[in-house]
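Visitor: Sharing a structure below in structure tokens format, with a few things to ask.
The values are calculated or read from the model by the stated rules, or taken from the named source; none is laboratory data. Because the structure is predicted, anything quoted here is derived from the model rather than measured. Here the Cβ positions follow ideal geometry from the backbone for every residue, glycine too, while neighbour counts run over all protein chains shown.
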Amino acid sequence: MDLVVEWLGHLPYREAWQRQRALLAARAAGAVPDTLLLVEHDAVLTLGRNAIDAHVLASPAELEDRGIEVIRVERGGEVTYHGPGQLVAYPIVKLSERGVLLRPFVRALELAMVDVADAYGVTAAPRPGYPGAWVDVDGPRPRKLGALGLRVERGITYHGIALNIATRLADFDLIDPCGMAGLDVTSVARELGWQGPAAEPSTEVVGQAGRRFAAAFARRLADAETEPRSRSAPEPGVASAPERRPTSAPEPGVASAPGPAPRSTGVEQPAAGMGA
């Protein structure tokens, strides 16, 4: 099945958000195929639908002075930072047409981030119970390299992942990433010790990472299509709602909306994810 890849370059968050919603509607109508949007944003803070405002540590005056907007969106997860030097990927994918359950889909996104890190020479891995891609997962202080937060509507995914390539890590001091005070956030540049201009945010470098991510995600998504269809116990910290048919357990960092044919009643809970 086709997966169209669109590189949007450097684009304000709200414009990319509008593009996602337009593609969501078109995908639901069968007018477009699955699409992966790749983009770099201006500095912005986004809050998941159930995120706690107190995890934004900077004052409104400081944020206004720096020109950083705070936007509440539909995805699961707590507050996250987007900004120059960070690859953001938004998969608009109709899961049912691919026969992919939500949990394998989330794993495909996480493993694609891991693959990109590996291509640069950084060893990363998923961390059970904590969405995203992490460095030194089993060490005393794991470092978060990539974040994940999704929304599912009408069986179609949107929002997605953020992978730090040469991001200004000091900007994460504006928030409690993932709603976790003191969380150590890292980047490819930091892990590899890039210096000088190479360590500065670059749209060109983000674009290169985007091409690597698109290829890795296509492979991982194909692998997910072959995974056995089974159910398992729900994970904590998940926003869930009725869907068309049984799927795998909801994932941290995922918010789901009702599908056309409800199968059960869900209980809304705070979701952890996309907290960089």
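Visitor: All but one of (1) surrounded by 15 or more Cβ atoms within 10 Å (Cβ to Cβ); (2) of a type in the set (Asp, Glu); (3) within 20 Å of the chain's Cα centre (by Cα) hold for Glu191; which doesn't?
Guide: (3)
Visitor: Out of Thr186, Thr167, Thr203, I need the residue that is surrounded by fewer than 17 Cβ atoms within 10 Å (Cβ to Cβ) and modelled with pLDDT of 95 or more. Which one?
Guide: Values: Thr186 fails: surrounded by fewer than 17 Cβ atoms within 10 Å (Cβ to Cβ); Thr167 fails: surrounded by fewer than 17 Cβ atoms within 10 Å (Cβ to Cβ).
On inspection, the qualifying residue turns out to be Thr203.
Visitor: Return a yes/no flag: does region 13-23 have any residue that is small (Gly, Ala, Ser), closer than 21 Å to Leu148 by Cβ and in contact (Cβ under 8 Å) with a residue 40 or more places away in the chain. Break it down stepwise before answering.
Guide: Filtering region 13-23 down to residues small (Gly, Ala, Ser) leaves 16, 22.
Among the residues that remain, those that are also closer than 21 Å to Leu148 by Cβ are: 16.
Of the ones still in play, those that are also in contact (Cβ under 8 Å) with a residue 40 or more places away in the chain are 16.
Yes, the conditions are met somewhere in region 13-23.
Visitor: Something else about it: Of all residues in region 193-212, count the ones that are touching a helix residue (DSSP H, G or I) at 6+ places or on another chain (Cβ under 7 Å) and either closer than 23 Å to Pro131 by Cα or part of a loop (DSSP other than H, G, I, E, B) (or both).
Guide: So the answer is 2.
Visitor: Is it the case, given these coordinates, that Gly155 is within 30 Å of Glu97 (Cβ to Cβ), modelled with pLDDT of 95 or more and surrounded by fewer than 24 Cβ atoms within 10 Å (Cβ to Cβ)? Step through it out loud before you land on a result.
Guide: Working: within 30 Å of Glu97 (Cβ to Cβ): yes; modelled with pLDDT of 95 or more: yes; surrounded by fewer than 24 Cβ atoms within 10 Å (Cβ to Cβ): yes.
In short, yes.
Visitor: Also, quick follow-up: Being over 21 Å from Phe172 (Cα atoms), of a type in the set (A, V, I, L, M) and surrounded by fewer than 20 Cβ atoms within 10 Å (Cβ to Cβ) is the requirement here; does Ala119 meet it?
Guide: yes
Visitor: Select, from Thr167, Thr157, the only residue that is assigned to a loop (DSSP other than H, G, I, E, B) and hydroxyl-bearing (Ser, Thr, Tyr). Spell out the reasoning first.
Guide: Details: Thr157 fails: assigned to a loop (DSSP other than H, G, I, E, B).
Every option except Thr167 fails the conditions.
Visitor: What are the pairs, 6+ residues apart or on separate chains, where a residue within region 177-189 that is touching a residue at least 60 places away in the same chain (Cβ under 8 Å) has its Cβ under 6 Å from a residue that is part of a strand (DSSP E or B)?
Guide: Pro177/Val185; Val185/Lys144; Ser187/Asn164
Visitor: Would you confirm whether any residue within region 78-97 is in contact with a Pro (Cβ under 8 Å, 6 or more places away or on another chain), crowded, with 19+ Cβ neighbours inside 10 Å, within 28 Å of Glu225 (Cβ to Cβ) and modelled with pLDDT under 95?
Guide: no
Visitor: Considering every residue within region 68-75, establish whether at least one is within 23 Å of Ala22 (Cα to Cα), surrounded by fewer than 17 Cβ atoms within 10 Å (Cβ to Cβ) and of a type outside the set (A, V, I, L, M, F, W, C).
Guide: yes
Visitor: Scan region 197-214 for residues that are under 16 Å from the mean Cα position of the chain (by Cα), among the hydrophobic types (A, V, I, L, M, F, W, C) and under 15 Å from His41 (Cα atoms) and jot them down.
Guide: The answer is Val206, Ala209.
Visitor: For region 43-66: of the residues being in a loop (DSSP other than H, G, I, E, B) and of a type in the set (A, V, I, L, M), which is nearest to Val88 (Cα to Cα)?
Guide: Taking the candidates together, the pick is Ala43.
Visitor: Please go through region 20-42 and pick out each residue that is surrounded by fewer than 19 Cβ atoms within 10 Å (Cβ to Cβ) and either aromatic (Phe, Trp, Tyr) or under 23 Å from Met113 (Cα atoms) (or both).
Guide: Residues satisfying the conditions are Pro33, Asp42.
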